[in-house]
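First comes the structure, then the notes that go with it.
The values are calculated or read from the model by the stated rules, or taken from the named source; none is laboratory data. Note that this is a predicted model, so its numbers are computed, not measured. Cβ sites come from the backbone with ideal geometry, for glycine too, and all protein chains shown count toward neighbours.
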Amino acid sequence: MSTARISELAQHVGSTITVKGWVTHLRSSGKVAFIVMRDGTGILQSVVVKSQVTPDVWELFGQLTQEACIAVTGEVKADARQPGGHEVGLTDLSVIGTSPVDYPLQPKEHGVDHLLDNRHFWLRTPRQLAIARIRHEVEQAIHDFFYERDFLRVDTPILTAAIGERSGLFATEYFDEGNAYLAQTGQLYGEAAAAAFGKIYTFGPTFRAEKSKTRRHLTEFWMIEPEVAFNDSDDNMQLQEDLLVSLVGRVLERRQAELKEVERDLSKLECIKGPFPRIDYTDAVATLQQKGSKVVWGDDLGAEDEALLVADYTTPIFVKNYPKEAKAFYMKENPADPRTVLCDDCLAPEGYGEIIGGSQREDDHDKILHRLREEKLPEAAYDWYLALRKYGTFPHSGFGLGLERTVAWICGIQHIRECIAFPRMMNRLKP
Ligand code: 4AD
Ligand code: MG
């Protein structure tokens, strides 16, 4: 007997096949019964007619429960009224794995804590499948985008000496070398790779021991970090814009069904076209102050300020050239205003705020050493990074795109914890 996944049934109309999956709904009139199942590719209804199956099959139907793992066998019929356009006239049924009636996710509303405690089951619901497929589409689109532009993918280490961003570090003992820290960014390695290979990107998990319980912070998230030799800050923003336009276009093109499942307002995505406004930090602060924000020149922008700023736009915007003290030590001093650095945050519309942070890198050895010392960073851990500025220093720029924040924006989802299969947050290490 040939087996098929639900998404493949169009090729099997008129034939008898077996489909394996999990029960989602059961109904019976006493003479005719219906089994609705899912297999990760779609939803399928099978019809069981008592007079046309053996007594054993009919009895087995009576024992089925929600989430039991089953195999149904029968003829595939085209039926436009069904969700996937097909129905199976069941002739045989077997149970692969039973499921007791106390399944933790009953067909009713559950609170988010219960859903998170049962994330291993929550993933089985249609909305979570849709989000996972959109995330996968975004990931694949990112790889395609960089591959087509001849970037080299470089996988950077997760265990590092004490280097990275300002936020908290996760430490673990590392043999005789003291502590190792989980990478907060692949950027510094990306810079070394850019001098070796020209245009590179990294795609990997990053870790921040931040005590932030907001809707846009995870302690483990995935970041995509291109680094390009000879790009300046303007080229860098152009690359970010091209990437975002391409990602949104790709999801609109290939993931209509999933966008519908998450009830996304498509008009909000269809207007994501360049050019994205590029606003100077100093102008942004003036605008925010006019709008009643308490922000003062020198502050980094918080989530509320970002939301206030993007409220006037339908596309992402760039806020560029922040004050030095608000940003990381590695950003290049702005020759036109040395109080600021050549950087940008890309803020997504609809209140999503920062999804990308990028900058031109300081390529002057003495300047970056001075900044390291100002920030009281452990100089010894950065010796190799400083040496990049000694042997063939070069102008270069790059950025980090937060995958979960980007997926949350594209899906129109409030909290980024739904945009990764098993979210890690301050108070969540399980499942
Ligand atoms: O702005 P960040 O900290 O920049 C960097 O790490 C640079 N090294 C990137 C680079 O230039 N190569 O982080 C970049 C992005 C943010 O814009 C955000 O989207 C995401 O990473 N991000 C987080 N996402 C989820 N949870 C967190 N705790 C995050 N922290 C940053
Ligand atoms: Mg940032």
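The residues of the range 59-68 that are exposed (fewer than 15 other Cβ atoms within 10 Å of the Cβ) and not in a loop (DSSP other than H, G, I, E, B), listed by number, are 59, 62, 63.
Cβ-Cβ distances below 9 Å connect the following pairs, each with a first residue in the range 151-169 that is in contact (Cβ under 8 Å) with a residue 24 or more places away in the chain and of a type in the set (Phe, Trp, Tyr), a second residue that is part of a loop (DSSP other than H, G, I, E, B) and surrounded by 14 or more Cβ atoms within 10 Å (Cβ to Cβ), and a separation of six or more residues or different chains: 151/198.
Residues being more than 23 Å from residue 249 (Cβ to Cβ), of a type in the set (A, V, I, L, M), assigned by TED's automatic domain parsing to the domain that holds residue 391 and part of a helix (DSSP H, G or I) are represented in the range 184-192 by at least one member. Pairs under 6 Å by beta carbon, first residue within 17 Å of residue 319 (Cα to Cα) in the range 226-251, partner charged (D, E, K, R), six or more apart or different chains? Final answer for the pair search is 237/344. Residue 318 - would you say it is within 10 Å of ligand 1 (Cβ to nearest atom), at pLDDT 95 or above, under 16 Å from residue 232 (Cβ atoms) and of a type outside the set (D, E, K, R)? Considered against the rule, which asks whether it is within 10 Å of ligand 1 (Cβ to nearest atom), at pLDDT 95 or above, under 16 Å from residue 232 (Cβ atoms) and of a type outside the set (D, E, K, R), residue 318 comes out as no. How many of the residues making up the range 148-184 are within 16 Å of residue 385 (Cβ to Cβ) and away from ligand 1 (no atom under 13 Å from the Cβ)? Total meeting the criteria: 4.
Any residue in the range 153-170 that is of a type outside the set (Gly, Ala, Ser), surrounded by 22 or more Cβ atoms within 10 Å (Cβ to Cβ) and more than 16 Å from ligand 2 (Cβ to nearest atom)? No, the range 153-170 has no match at all. If you go through the range 337-347 and keep only what is part of a loop (DSSP other than H, G, I, E, B) and within 16 Å of ligand 2 (Cβ to nearest atom), you end up with just 342.
Of all the criteria given as (1) under 18 Å from the mean Cα position of the chain (by Cα); (2) of a type outside the set (Phe, Trp, Tyr); (3) part of a helix (DSSP H, G or I); (4) within 16 Å of ligand 2 (Cβ to nearest atom), the one not satisfied by residue 236 is (1).
Cβ-Cβ contacts under 8 Å between residues 6 or more apart (or on different chains), taken from a first residue in the range 376-388 that is closer than 16 Å to residue 193 by Cβ and assigned by TED's automatic domain parsing to the domain that holds residue 365 to a second residue that is part of a helix (DSSP H, G or I) and not hydrophobic (A, V, I, L, M, F, W, C), are listed as 385/191; 388/191.
The set of residues in the range 358-373 that are surrounded by fewer than 23 Cβ atoms within 10 Å (Cβ to Cβ) and either within 15 Å of ligand 2 (Cβ to nearest atom) or within 14 Å of residue 278 (Cβ to Cβ) (or both) is empty. Of the listed requirements (1) hydrophobic (A, V, I, L, M, F, W, C); (2) over 24 Å from the mean Cα position of the chain (by Cα); (3) under 30 Å from residue 217 (Cβ atoms), residue 355 misses just one: (2).
With the structure loaded, tell me whether residue 90 is in contact with a Phe, Trp or Tyr (Cβ under 9 Å, 6 or more places away or on another chain), assigned to a helix (DSSP H, G or I) and of a type in the set (A, V, I, L, M) or whether it fails that test. Against the criterion (in contact with a Phe, Trp or Tyr (Cβ under 9 Å, 6 or more places away or on another chain), assigned to a helix (DSSP H, G or I) and of a type in the set (A, V, I, L, M)), residue 90 does not qualify.
Would you check which residues across the range 348-382 are assigned to a helix (DSSP H, G or I), within 16 Å of ligand 1 (Cβ to nearest atom) and either under 30 Å from residue 314 (Cβ atoms) or basic (Lys, Arg) (or both) and list them?
371
When only residues in the range 193-222 that are assigned to a loop (DSSP other than H, G, I, E, B) and more than 15 Å from ligand 2 (Cβ to nearest atom) count, which is nearest to residue 139 (Cα to Cα)? Out of the qualifying residues, it is 219.
The criterion of being in contact with a His (Cβ under 7 Å, 6 or more places away or on another chain) and not polar (S, T, N, Q) does not hold for residue 371.
Kindly establish whether residue 334 is within 16 Å of ligand 2 (Cβ to nearest atom) and crowded, with 16+ Cβ neighbours inside 10 Å. Against the criterion (within 16 Å of ligand 2 (Cβ to nearest atom) and crowded, with 16+ Cβ neighbours inside 10 Å), residue 334 does not qualify.
Counting just the residues of the range 383-412 that are closer than 25 Å to residue 342 by Cβ and of a type in the set (Val, Ile, Thr), which one comes out farthest from ligand 1 (Cβ to nearest atom)? In this case the residue turns out to be 393.
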